[in-house]
Amino acid sequence: MSTTLCTSFVNYYKTSLEPSTIQLRLKRLKPLLDLDVPICIFVGIESTIPLQSYVENHYPDANHIHLIPLKKHLLEYSFLFQEIARAQPQKMPKDLSPPKDTYDYMCFLHTKVEFLKQAVEANPFDTPYYTWVDHNISQMLSDPEKNNLAYETTKDFSKRLIGATKMPPTEFLPSQHVSPSHEIYIPGCWKDPHYEPTDFYDKVLWRFCGGFLCARKEAVHYLWNLYMNHFYSFLKEGKTMVWDVNFWAWMEQNPNIDWNPIWYEADHNDSIVNIPMFAQCQSILSTCSRSRSIQSKYIPYFNHSAVSMVTFKNASQGMQHVMNIRHVNYTYLPSGHCTIDHPERATCSRNVCTTVDHEHFYVPHNIGKTCFEVDETQMGLPVPGSSHVFQGIEDIRLFYHQHRVQFLATTVNYSDCDTNRIVIGDYDYHGHALRHVRVIHPPIQIGKSNREKNWIPIVHEQQFYIVYSWNPFRVGVLEKVQLTENEDEMAEEQVVMRIQYEQKILSSLFRQYEIRGSTNFVPYGGKLLGLVHFTIPGTLPKQYYHMLVKIDPHEWRLVEYTQPFYFDTYGVEFCIQMNIFDRKEEFVYMEDPIDLGKTSEELFFGFYLSRQDRNPHQICFHAESFVFELIESVR
């Protein structure tokens, strides 16, 4: 575990708590205890015995719960209560929410920073991060019996939160270094607030939500020092006892105070626990064992981009590798926007084919001498107009089936419906042309679709399947269907996807993000192994993250996945091809390498990665660099 949850179970009133109140608070605390992650609870004097008894009865073998009993009532125990008494604020804000917003309750809100500081000093679970969670946060989150996503998200980031050394770039700013003293993640409702001087004392400021935050140990100490240096003077000057979030907002905007928390947009609901994904991932490029640039045929004003490859045994020539390299006419700017080299600003894709014999497979930088541009005029599809904003065949994914090289790809201008559709056809690597191409219509079971991308072809035991989606995990087959408007018209044959297997994924990453297919799948340990990706909505430049997943091809179920990662940068990283190599850098052909007597210690995963949709590289990583865990799901 990388983070300890912290909360308090104390009486912040001057009167004693009723037994019914304690029971209600225990009920609200229970979902946090059920997470089975390290949690540190500061317990008030009159609540210690009830909470200890509750833990012993409901979690008798638990070693993830650490109680820190207070030796005095909170009003006497807390140093911040003493600071408030010393400042003697006489007023309360104009906009209050009675009966909750009492003077003592407003004082209590600030003690979370004090408790966090003490938890860091005690460090009962030896974690580098500490996450504050209000004991009654369950009132904000969905009922775990009906929708446990927020709790599963909290449990997941508790396991994998590793922090960030730099911020992702934005449309207006390059990547910024993150100081350990400022690495504190706080959700909030207001993205670009503008304050009047009196706002900090008159009304609640929801720049920060208040009930949840996560911080590196150094950042907890730094925030505590800010309290020590500025809290008393803030209260003395304003003469008003205010919410903790108001004081935080005041510090953030104060030019004389150096505090730069990492803010993320949320509300007082399930979104409050969605710590940014960049803080939960790490770059794996430093563990790369080999990196080779892949060159291609030069096409003026185009950049070579995504690489797909298929390997098969040719009776006359032995093992063959056929590679398709997509070329695009746009270039990403640091802001995430694109410059497009086209008079009508159309985004165009062109493809280049090369064959690589097995002897020269390990020198991909030389393949540019044998590249040929792929002809799209022989596909057999109606020729579209030249004015469409998206032109060409995109993201070709090669596969070998029925003794020939075939492909799946995305297209807009050939789709005959002005939106993304998947096409299938033959990839004539001798004639450097796409032939016998048909548009695949989306599954009838799914209904009308406005956009189709990233279907993954899989040939298993000489049968052809397509992974259509990842949650639900849907695997389909293709059917030819006769369609006609009326009996007098000639029937038109269409290729339609039919969903054959479906599985609902419960793991939080699959529920929270739209997982998309990336690479081909290769046999590995009795399963099929491949790479998937997801992007973060609203980010510019767009942030890409990846996971390896395993499919059980006997039941067509997703069974395992790795924690998310990024290869090199927070930006556009696209990969549609992977292979397996052994320690001698020998390419492992279609058979399962484990069945061939190779252990994971001898194997490497090779990815063909393009950054910013250009300059593809073959990069390899030791198989044991990736740790898999089971996917929670239902059929």
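The values are calculated or read from the model by the stated rules, or taken from the named source; none is laboratory data. Computed from a prediction, not measured in an experiment: that's the story for all the values here. Glycine also receives a Cβ, built like all others from the backbone with ideal geometry; neighbour counts cover every protein chain displayed.
Filter region 611-624 down to the residues that are over 19 Å from the mean Cα position of the chain (by Cα) and over 13 Å from F581 (Cβ atoms) and list them by number.
Result: D613, R614, N615, P616, H617, E624.
Residues to consider are H268, H304; find the one that is assigned to a loop (DSSP other than H, G, I, E, B) and either farther than 30 Å from W250 by Cα or under 25 Å from the mean Cα position of the chain (by Cα) (or both).
H268
Go through V133, V120, V178 for me and flag whichever is aliphatic (A, V, I, L, M), within 28 Å of P541 (Cα to Cα) and out of contact with any Pro (no Cβ under 9 Å at 6 or more places or on another chain).
V178
Looking at region 477-484, is at least one residue in contact (Cβ under 8 Å) with a residue 60 or more places away in the chain, part of a strand (DSSP E or B) and under 30 Å from Q320 (Cα atoms)?
no
Given the structure, is K236 part of a helix (DSSP H, G or I), surrounded by fewer than 20 Cβ atoms within 10 Å (Cβ to Cβ) and out of contact with any Lys or Arg (no Cβ under 7 Å at 6 or more places or on another chain)?
Judged against the criteria, K236 is a match.
Do we find a residue being assigned to a helix (DSSP H, G or I), in the same structural domain as H182 (by TED's automatic domain parsing) and surrounded by 17 or more Cβ atoms within 10 Å (Cβ to Cβ) anywhere in region 202-213?
yes
With the checklist (1) farther than 22 Å from S78 by Cα; (2) in a helix (DSSP H, G or I); (3) under 28 Å from the mean Cα position of the chain (by Cα) in hand, flag the one item E218 doesn't pass.
For E218, the failing item is (1).
Let me confirm something: among V55, V37, which residue is among the aliphatic types (A, V, I, L, M), part of a loop (DSSP other than H, G, I, E, B) and in contact with a strand residue (DSSP E or B) (Cβ under 8 Å, 6 or more places away or on another chain)?
Matching residue, one of V55, V37: V37.
Which of (1) outside any strand (DSSP E or B); (2) in contact with a Leu (Cβ under 8 Å, 6 or more places away or on another chain); (3) free of Cβ contacts under 8 Å to residues at least 12 places away in the same chain does G336 not meet, given it meets every other one?
(3) is the only condition that G336 fails.
Out of all the residues in region 517-563, which are outside any strand (DSSP E or B) and crowded, with 22+ Cβ neighbours inside 10 Å?
S518, T519, N520, F521, Q543
Would it be correct to say that N229 is surrounded by fewer than 19 Cβ atoms within 10 Å (Cβ to Cβ) and in a loop (DSSP other than H, G, I, E, B)?
no
Please give the number of the condition H327 fails out of (1) in contact (Cβ under 8 Å) with a residue 40 or more places away in the chain; (2) over 23 Å from the mean Cα position of the chain (by Cα).
So H327 meets the others, but not (1).
Just the residues that are more than 21 Å from the chain's Cα centre (by Cα), surrounded by fewer than 20 Cβ atoms within 10 Å (Cβ to Cβ) and either assigned by TED's automatic domain parsing to the domain that holds L509 or outside any loop (DSSP other than H, G, I, E, B) (or both), please, taken from region 125-176.
S138, Q139
Of everything in region 43-77 that's under 26 Å from S2 (Cα atoms) and free of Cβ contacts under 8 Å to residues at least 12 places away in the same chain, which residue is surrounded by the fewest Cβ atoms within 10 Å (Cβ to Cβ)?
D61
Quick check on region 614-621. Is at least one of its residues surrounded by fewer than 19 Cβ atoms within 10 Å (Cβ to Cβ), free of Cβ contacts under 8 Å to residues at least 40 places away in the same chain and either not in a loop (DSSP other than H, G, I, E, B) or not assigned by TED's automatic domain parsing to the domain that holds E560 (or both)?
The answer is no; no qualifying residue exists.
Counting only residues that are at pLDDT 90 or above and touching a Ser or Thr at 6+ places or on another chain (Cβ under 6 Å), which one in region 151-166 is farthest from I284 (Cα to Cα)?
Top of the filtered list is E152.
Any residue at all in region 279-298 that is at pLDDT below 95, in a loop (DSSP other than H, G, I, E, B) and loosely packed, with under 14 Cβ neighbours inside 10 Å?
There is at least one residue in region 279-298 that is at pLDDT below 95, in a loop (DSSP other than H, G, I, E, B) and loosely packed, with under 14 Cβ neighbours inside 10 Å.
I need the full set of residues from region 33-42 which are buried (at least 19 other Cβ atoms within 10 Å of the Cβ) and closer than 23 Å to S20 by Cα, in order please.
Within region 33-42, L33, I41, F42 qualify.
Could you list, in sequence order, all residues of region 586-602 that are surrounded by 20 or more Cβ atoms within 10 Å (Cβ to Cβ) and not β-branched (V, I, T)?
Within region 586-602, just P593 meets the criteria.
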